[in-house]
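**Student:** Here you go, one structure.
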Amino acid sequence: MTEEINAQPPEKLTGIKLVKVPETSVGIKAIKSALTQIKDEVGVVKGIKLLKNLNQYDGFDCPGCAWPDPDAKRAFLAEYCENGAKAVAEEATKNKVSPQFFTTNSVSEMTKWSDYELCKSGRITHPMYLPEGKDYYEEISWDDAFQLIGKELNNLTSPDEAIFYTSGRTSNEAAFLYQLFVRQFGTNNLPDCSNMCHESSGAALTQTLGIGKGSVTLDDFNHADLVIVIGQNPGTNHPRMLTALGETKKRGGKIITVNPLPEVGLMNFKDPQNPLKWIGSGQELTDLFLQIKINGDVALLKIILKLMKEKETEKPGTVFNHQFIKNKTKGLENMLLDLDRYKIEDLLPQTGLSLDTIQKATDMIINNDKIIICWAMGLTQHKNSVDNIRELVNILLLKGSIGKKGAGTCPVRGHSNVQGDRTMGIWEKMPTKFLDKLEETFQFQSPRKHGFDVVEAIEAMHQKKAKIFFGMGGNFVSATPDTTFTAKALQNCDLTVHVSTKLNRSHLIHGKQALILPCLGRSEKDYQVSGAQFISVENSMGVVHSSQGHLEPVSKKLLSEPAIVVGLANATLKKTTVNWTKLISNYDLIRNKIEKVIPGFKNYNKRVRQKGGFYLPNNARDNNFKPTHTGKANFTLNKPSDIELKENQFIMMTIRTHDQYNTTIYGLNDRYRGVLNERRIIFMNAKDMKKQHLKSLDLVDLKSHFKDKERFAKGFLVVAYDIPEQCTATYFPEANVLVPITNVAHTSNTPASKTVIISIEKR
Ligand SMILES: Nc1nc2c(c(=O)[nH]1)N[C@H]1C(S)=C(S)[C@@H](COP(=O)(O)OP(=O)(O)OC[C@H]3O[C@@H](n4cnc5c(=O)[nH]c(N)nc54)[C@H](O)[C@@H]3O)O[C@H]1N2
Ligand SMILES: Nc1nc2c(c(=O)[nH]1)N[C@H]1C(S)=C(S)[C@@H](COP(=O)(O)OP(=O)(O)OC[C@H]3O[C@@H](n4cnc5c(=O)[nH]c(N)nc54)[C@H](O)[C@@H]3O)O[C@H]1N2
Ligand SMILES: [Mo]
């Protein structure tokens, strides 16, 4: 029998209160919520200093999300939002996790704490070590920590037995050094949070448009006729995007929202940068809301494509942009033929929508040319998520709505530098061109065999094929699927190491030995031999800019992420062609190397010092699709969902509340959905509740079904909500234990965290 591992957040309920779902987002309440958080966590004086510098030209980049800052004008107060303020408050907190803290709190005791309690403990101040068989972390010197890691890494039979994970907050400079160290050590095992996030977007866009990133800039929102926001909740996760949508509307543009939930932020919005608008009813954003069933998107988009084709056949030249299609694309005929295989009446039930509503959306697409499509996790975390995104591209290509002002693709990234980390080479399968350049610049032989992505890494650790886990940020055990399985995988390791700012569950679910290496946060000053340093990051729209902290570090013992990589490299690599210590004496030296390896970084040190930074090249933005395998933009054939629910089964999506940053839980409220003080809930349609004989706030256990295996998550409260029938929603990470590790998207291997098949049992 396998040992039961307590890797899940505890089952404890916290005292739910249901309130009315608010009619508008942001406004005074958001400002109040942000300021309260800042006051409580950071204190008033330090808090004001913090907000003053957030997202300003000479300040630091908000660690909240990857939404870009305006190129020209920056807001008077500060370019921040409620949730950005919460993210910085979390980092700049007064509370400290010191060696003393660890002498009083054992690892086994802390596994009983909720994620909220873990997060509230504060910033980690010293490197800590958990020796084999012990239950208390002990202080360790940096030098001893590096030596220990170096020794363990060198004891492996093969470098491929080590996993080097990255979360998306790591700066360009740290990420570049990190991947260089890992490749000099001898492996491409560089999984990252992107594997669970926008990997499907990258896969789909590379195939169709020749670049794995979005094509629009922030200014395009000032020119768009129509913005479609599909599978995304910007009110909570990218609040500054609402300002851009507001601009589109002001200029007469329209917005279509496609989501199983009427997310408050998208419906109505009070601009936080514009205090005069805080009173009154706010600005209506969404013109047409398609309340789609979970994973019904390909079906919806196919119906739209069919309706477009019908109209084009009826009145040739009125729908399709023939010139663009002829000059720039391949595969139209096949795509149109494939559409004939599907019947609208078969597709319709998957969407849960009326044909009339879909016709309205189609008319808006037909009647406009400058179309932007924005999406996030609602599209990327399904088995057919790559199909979702390719189908969107089909629509844009038919209209020629790409590579011109006011139009294009907008995958809205999550972590603030997740896109930059990829550009820097954090990927288990970097293209040959990059590796060639890396070899040439640093005179060594890089491994060529592809490494493990997140899911493969978990499986390898589970099978004891990988024995050391190193996490550059993140919270692996809580962010990944199949919590119990992943916990076992980590516990199988000889050594688990986490570079972290805050305490999290991955420090508690550990290998035989474990280390916590505390690092500087974005908001803090970073001094190296040559003086104060700044770092750089790339936002969702490919703008590279600098970021510099202004606060004193919470502890003198913290190292910067680049310095940690260098400590690691010096202790591990017996032979190296790199003078690591010199590279971190001045981060300009790292940037000089980046410039040599990666296209688009010419004059990096000069251009990163320009106000607002610089744009990286983007072929799709330039209306050039040569980098694809055909040399043109590609139409593709895509498949709708193949999920069939049995009786009493539901589809469950795992989503974020308004009070969390991924696995960092700031508070227990989901204000925009009217749920206060509780995270263990399941949103259900009232009709489904009735059929299941469930009443509001009944206590239920959830069981997920995949192939022949069942997984359990216990103790959730039922909340009646405006969600399509047969669809349910729970919060991440509480429900991750239900997400099967083997249920992944084709091509991108991203866990299907938004399509978990469950049944619900009343206690
Ligand atoms: N405050 C805050 N900001 C964040 C984060 C955070 O946790 N907190 N996380 C960051 C990260 S890493 C990321 S990746 C982003 C995540 O940003 P989002 O993708 O907005 O986050 P989710 O909560 O996963 O929300 C997914 C949305 O998709 C909808 N959805 C789910 N399934 C489907 C579907 O099948 N079809 C359609 N059309 N819609 C669907 C859900 O109802 C929900 O509105 O946010 C980033 N920013
Ligand atoms: N079921 C389900 N699972 C999901 C998702 C979902 O929607 N549903 N979303 C997925 C997505 S989109 C993502 S991106 C992943 C996120 O996965 P991760 O990136 O692994 O998780 P986070 O919760 O963002 O990581 C938080 C930890 O990062 C550390 N940290 C914060 N700032 C810094 C820093 O500056 N440097 C360093 N070194 N560490 C820092 C802190 O210690 C904190 O505890 O989760 C995925 N998992
Ligand atoms: Mo993400």
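The values are calculated or read from the model by the stated rules, or taken from the named source; none is laboratory data. As the structure is a computational prediction, the values presented were derived from the model and not from experiment. Ideal geometry is used to build each Cβ from the backbone, glycine not excepted, and the neighbour counts take in all protein chains shown. Only protein heavy atoms, including side chains, enter the accessible area calculation; ligands, DNA and RNA are left aside. Shrake-Rupley method; radii C 1.70, N 1.55, O 1.52, S 1.80 Å.
**Student:** Suppose we flag chymotrypsin sites (Phe, Trp or Tyr not before Pro) only when DSSP calls them loop and at most 15 other Cβ atoms lie within 10 Å. Which is the longest uninterrupted stretch of the chain?
**Tutor:** Details: sites that count: Tyr57, Phe76, Tyr136.
Counting at most 15 other Cβ atoms within 10 Å as exposed, the longest clean stretch of the chain is 137-763.
**Student:** Once phi is turned into θ = phi - 60°, what whole-Hz ³J(HN,Hα) does the Karplus curve with 6.51, -1.76 and 1.60 give for every residue of region 707-720, x standing for Gly and Pro?
**Tutor:** Those phi angles translate into 6, 9, 9, 10, 10, 10, 9, 10, x, 10, 9, 7, 10, 6 Hz.
**Student:** From the phi angles alone, apply the Karplus equation (6.51, -1.76, 1.60; θ = phi - 60°) to region 627-636 and give each ³J(HN,Hα) in whole Hz, x where the residue is Gly or Pro.
**Tutor:** Whole-Hz 3J(HN,Hα) from phi for region 627-636: x, 6, 5, 9, x, 9, 5, 10, 6, 9.
**Student:** In addition: Mind listing the phi-derived Karplus ³J(HN,Hα) values for region 553-562, rounded to whole Hz, using 6.51, -1.76 and 1.60 with θ = phi - 60°, and x for any glycine or proline?
**Tutor:** With the stated coefficients, region 553-562 comes to x, 5, 8, 6, 7, 6, 10, 6, 4, x Hz.
**Student:** Follow-up. Please report the net charge: other residues with Cβ closer than 15 Å to the Cβ of Phe534, K and R +1, D and E -1. Numbers along the way, then the final one.
**Tutor:** Numbers: positive: Arg522, Lys525, Arg591, Lys606, Arg607, Arg609, Lys611; negative: Asp58, Asp61, Glu173, Glu524, Asp526, Glu538, Glu561, Asp588.
For residues surrounding Phe534, the net value is -1.
**Student:** From Cα pairs below 8 angstrom and at least 6 apart in sequence, can you work out the relative contact order of the chain, rounded to a whole percent?
**Tutor:** Working: 1736 pairs, mean separation 167.3, N = 763.
Reported as a whole number, the value is 22 percent.
**Student:** If you don't mind, another one. Would you mind pulling out the separation of the Cα centroids of region 449-503 and region 548-593, in Å?
**Tutor:** Distance between centres, Cα-based: 24 Å.
**Student:** Just the number please: accessible area per residue for region 143-198, 1.4 Å probe, all protein chains included, in Å².
**Tutor:** On the way: 1240 Å² over 56 residues.
Using a 1.4 Å probe on heavy atoms only, each residue of region 143-198 averages 22 Å².
**Student:** So how exposed is Lys437, as accessible area in Å² (1.4 Å probe, rounded to 10)?
**Tutor:** Solvent-accessible area, nearest 10 Å²: 70 Å².
**Student:** Gap in Å between the Cα centre of region 142-212 and the Cα centre of region 217-237?
**Tutor:** 31 Å
**Student:** Here's a follow-up. Place a point 7 Å from the Cα of His550 along the Cα-to-Cβ direction; which residues of region 490-528 have their backbone N under 13 Å from it?
**Tutor:** Under 13 Å, as judged by backbone N against the label point of His550, lie 523-525 of region 490-528.
**Student:** May I ask for the equivalent-ellipsoid semi-axes of region 279-364, computed as the square root of five times each C-alpha gyration tensor eigenvalue and listed largest first in whole Å? Let's see the in-between values first.
**Tutor:** Details: eigenvalues 147, 70, 28 Å².
Ellipsoid semi-axes (Å, largest first): 27, 19, 12.
**Student:** Going 7 Å from the Cα of Asp642 toward and past its Cβ, which residues in region 384-428 have a backbone nitrogen under 19 Å from where you end up?
**Tutor:** Flagged as within label range: 384-391.
**Student:** Compute the distance in nm between two label points, each set 7 Å from the Cα along the Cα-to-Cβ direction, one at Lys626 and one at Asn6.
**Tutor:** 6.1 nm
**Student:** Can you check what the Kirkwood hydrodynamic radius comes to for region 199-412, Cα pairs only, in Å to one decimal?
**Tutor:** On the way: mean 1/r = 0.0574 Å⁻¹.
By the Kirkwood definition, the hydrodynamic radius is 17.4 Å.
**Student:** Starting from the amide H of Val216, placed 1.01 Å from N in the peptide plane, find each other amide H under 5 Å away whose residue is 5 or more places distant or on another chain.
**Tutor:** Thr409
**Student:** May I ask you to derive the FRET efficiency for Asn95 and Arg609 from their Cβ-Cβ distance with R0 = 35 Å, giving the value to the nearest 0.05?
**Tutor:** Working: r = 35 Å, r/R0 = 1.00.
Computed FRET efficiency for Asn95 and Arg609: 0.50.
**Student:** Are there cysteines in the chain with no other Cys C-beta under 4.7 Å, and if so, which?
**Tutor:** So, Cys62, Cys65, Cys81, Cys119, Cys193, Cys197, Cys493, Cys519, Cys727.
**Student:** With n ≥ 4 as the cut-off for DSSP H runs, can you work out [θ] at 222 nm for the chain, using -39500 (n - 2.57) per run divided by the number of residues, rounded to the nearest 500?
**Tutor:** -9500 deg cm²/dmol
**Student:** State, as an integer percentage, the relative contact order of region 199-412 based on alpha-carbon contacts under 8 Å between residues 6 or more apart.
**Tutor:** Details: 362 pairs, mean separation 67.2, N = 214.
That works out to 31 percent.
**Student:** I'd like the distance between the alpha-carbon centres of region 243-267 and region 310-343, rounded to an integer number of Å.
**Tutor:** If you average the Cα positions of each part, the centres end up 28 Å apart.
**Student:** Of all the accessible heavy-atom surface of the chain, with the other protein chains kept in place and a 1.4 Å probe, what percent is carbon and sulfur? Walk me through the numbers before you get to the answer.
**Tutor:** Values: 14720 of 28160 Å².
The value for the chain is 52 percent carbon and sulfur by accessible area.
**Student:** Okay, moving on. May I ask you to derive the FRET efficiency for Glu440 and Gln147 from their Cβ-Cβ distance with R0 = 25 Å, giving the value to the nearest 0.05?
**Tutor:** Numbers: r = 32 Å, r/R0 = 1.27.
It comes out at approximately 0.20.
**Student:** Multiplying the sequence separation of Thr576 and Ser106 by 0.36 nm and subtracting their Cα-Cα distance, what value in nm do you get?
**Tutor:** On the way: separation 470, 0.36 × 470 = 169.20 nm, distance 3.93 nm.
My answer for the length gained is 165.3 nm.
**Student:** For region 199-412, report the accessible area per residue in Å² (1.4 Å probe, heavy atoms, rounded to an integer).
**Tutor:** Working: 7120 Å² over 214 residues.
That works out to 33 Å² per residue.
**Student:** Percentage of Cα-Cα pair distances in the chain greater than 41 Å, rounded to whole percent? Working shown, then result.
**Tutor:** Details: 78399 of 290703 pairs.
Of all Cα-Cα distances in the chain, 27 percent exceed 41 Å.
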